[in-house]
Amino acid sequence: MHSTLSDGGLPVRDLIDYCVAQGLTAIAITDHDNIDSYEEGREYAEEMGIEYIPGVEVSSSWEGRDIHVLGYLYEPTHLRLNKTLISLREGRRHRAREIVRRLKGHGIELNYEKLEQRTHGGSIGRAHIAAALVEEEYVPTFQDAFTRYLGNGMEIMTDLECEKLTPQEAIQLILEAGGIPVMAHPGKTNCDDLIPSLVEYGLKGVEVYCHGHAPANFRKYKDMAKHYGLLSCGGADFHIRREDDRYSPGSLRIPYDVLGKLKDVKEGACA
């Protein structure tokens with residue numbers, strides 16, 4: 001799940017409150033290329049009586065396809081992890097500035113400083129720009145922002161891919177920081193052919209419990225995890241609170257044992 005430090009709709013403390021209200025016992029906020037949520041929310045989560053572990057979602061790309069690698073239980077003060085994520089966030093900001101400039105050429109005036117304020121110095125993504133387009137009434141819906149301007153293949157996005165790690169580099173970075181790398185939403189990523197090689201690079205888990213996974217997909221990734229000795233992880237991938245609480249934290253009931261197994265893998269790596 002994501003806070004306003006990347007492309008989420010709730011600040012860290014509000015997100016923690018929401019998770020407590022949903023009855024969760026343990027959480028990780030996995031902002032894109034940003035680990036500031038852990039330090040910001042660590043003490044507050046303890047006060048609220050909810051277990052809070054380090055999490056991040058690292059952007060990577062392979063042969064033109066986006067692959068997101070989750071990292072759990074890393075060391076938050078790890079120097080190279082922090083320096084690399086800062087560099088990736090700066091790449092997102094550069095892309096955002098260029099998108100704003102190109103939109104101006106289409107008669108659309110957005111304030112880049114306001115975009116920065118949305119993320120409190122975190123990662124600026126297309127979702128922030130889409131939300132601004134809706135608020136400024138340039139488009140009627142969030143989806144229209146992507147259909148008209150921000151989607152892959154749109155004129156404004158031509159040759160505007162920000163620098164990303166390879167998934168192998170993302171896995172190695174998380175491992176180096178003492179964390180557990182997990183492939184996010186494999187059904188959406190649709191890169192099953194890549195999983196065996198990522199296992200060789202140190203991938204430790206795959207999201208099995210995932211919105212959008214039909215029963216057949218759930219079983220497929222469950223079997224794949226077992227075959228390659230991977231952890232069966234999961235998450236709601238929450239971004240924005242909806243009136244019906246769809247995709248809310250807790251909308252997927254993931255066994256607490258999943259976290260226990262993550263901790264076991266970390267302890268084994270440190271032993």
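Would you mind counting up the charge near residue 232? Only other residues with Cβ under 9 Å from its Cβ, with Lys and Arg at +1 and Asp and Glu at -1. Present the calculation step by step, with values, prior to reporting the outcome.
Numbers: positive: 222, 226, 261; negative: 207.
Cβ neighbours under 9 Å give a net charge of +2.
Residue 20: accessible area at probe 1.4 Å, nearest 10 Å²?
Roll a 1.4 Å probe over it and residue 20 shows about 50 Å².
Stretch residue 101-residue 135 to full length: gain in nm at 0.36 nm per residue minus the Cα-Cα span?
Values: separation 34, 0.36 × 34 = 12.24 nm, distance 1.82 nm.
That pair, residue 101 and residue 135, stretches by 10.4 nm at full extension.
What FRET efficiency do you get for residue 251 and residue 197 if R0 is 25 Å and r is their Cβ-Cβ distance, rounded to the nearest 0.05? Don't jump to the answer; show the numbers that get you there.
On the way: r = 32 Å, r/R0 = 1.28.
Using R0 = 25 Å, I get an efficiency of 0.20.
Using a 1.4 angstrom probe on the protein heavy atoms only, could you order 138, 52 from most to least accessible area? List each step's numbers first, then the result.
On the way: 138 75, 52 25 Å².
The most accessible residue leads, giving 138, 52.
Just the number, please: carbon plus sulfur as a percent of the accessible area of the chain, 1.4 Å probe, no ligands or DNA/RNA counted.
Working: 6470 of 13290 Å².
Accessible surface attributable to carbon and sulfur in the chain totals 49 percent.
Between the range 122-197 and the range 24-101, what is the C-alpha centre distance in whole Å?
13
Quick check: from the Cα gyration tensor, does the range 143-271 come out rounded (a/c under 1.5), prolate or oblate?
Working: a/c = 1.87, a/b = 1.32, b/c = 1.42.
Oblate, because a/c is 1.5 or more while a/b does not exceed b/c.
Accessible surface of residue 43 in the full protein assembly, 1.4 angstrom probe, to the nearest 10 Å²?
Looks like 110 Å² after rounding.
Given a cut-off of under 8 Å on Cα pairs at least six residues apart, what relative contact order in percent is computed for the range 133-271? All intermediate terms of the calculation are to be shown ahead of the outcome.
On the way: 138 pairs, mean separation 23.1, N = 139.
Relative contact order of the range 133-271: 17 percent.
Leaving out ligands and nucleic acids, note down the accessible area per residue over the chain with a 1.4 angstrom probe, in whole Å². If you can, show how the numbers build up before the last one.
Working: 13290 Å² over 271 residues.
Accessible area per residue: 49 Å².
Counting only pairs 8 or more residues apart or on different chains, how many lysine pairs in the chain have their Cα atoms under 22 Å apart?
For the chain, qualifying lysine pairs total 21.
Relative contact order of the chain: what whole-number percent is it, with Cα pairs under 8 angstrom and at least 6 residues apart? Please report the intermediate quantities before stating the final value.
Numbers: 452 pairs, mean separation 54.8, N = 271.
Contact order relative to length: 20 percent.
Could you give the size of the charge dipole of the range 1-141 about its Cα centre, using +1 on the Cβ of each K and R and -1 on the Cβ of each D and E, expressed in debye and rounded to the nearest 20?
Computed charge dipole of the range 1-141: roughly 740 debye.
Against the longest alpha carbon principal axis of the chain, how many degrees, from 0 to 90 and to the nearest 10, is the axis of helix 126-135 turned?
Once rounded, the angle reads 50 degrees.
Of 44, 54, 260, which is farthest on the positive side of the dipole of the chain, counting Cα position, with +1 on Lys and Arg Cβ, -1 on Asp and Glu Cβ, and the Cα centre as origin?
Positive-end residue among those listed: 260.
Quick one: if the Förster radius is 35 Å, what FRET efficiency do residue 26 and residue 111 give, using the C-beta to C-beta distance and rounding to 0.05? Present the calculation step by step, with values, prior to reporting the outcome.
Working: r = 38 Å, r/R0 = 1.09.
FRET efficiency, residue 26 to residue 111: 0.35.
What is the angle, in °, between the Cα long axis of helix 79-104 and the longest principal axis of the Cα atoms in the chain? Nearest 10 is fine, range 0 to 90.
The angle comes out at about 30 degrees.
Based on the alpha-carbon gyration tensor of the range 11-58 and its eigenvalue square roots a ≥ b ≥ c, which shape applies: rounded if a/c is under 1.5, prolate if not and a/b is larger than b/c, or oblate?
Judged from the Cα gyration tensor, the range 11-58 comes out prolate (a/c at least 1.5, a/b above b/c).
On a 1.4 Å probe surface of the protein chains, which of 188, 164 comes out largest in accessible area, and what is the full order?
Details: 188 155, 164 50 Å².
My answer, sorted largest first, is 188, 164.
Give me the angle, in degrees from 0 to 90, between the Cα long axis of helix 12-21 and the longest principal axis of the Cα atoms of the chain, rounded to the nearest 10.
Orientation of helix 12-21: about 50 degrees from the principal axis.
Return the calculated 222 nm mean residue ellipticity for the chain, to the nearest 500 deg cm²/dmol, obtained by summing -39500 (n - 2.57) across DSSP H runs with n ≥ 4 and dividing by the residue count. Provide the component values of the computation, followed by the final result.
Values: 11 runs with 120 residues, N = 271.
Calculated mean residue ellipticity at 222 nm is -13500 deg cm²/dmol.
The values are calculated or read from the model by the stated rules, or taken from the named source; none is laboratory data. Small disclaimer: the values here were computed from a predicted structure and weren't measured. Ideal geometry is used to build each Cβ from the backbone, glycine not excepted, and the neighbour counts take in all protein chains shown. For accessibility, only protein heavy atoms count, side chains too; no ligands or nucleic acids. Shrake-Rupley method; radii C 1.70, N 1.55, O 1.52, S 1.80 Å.
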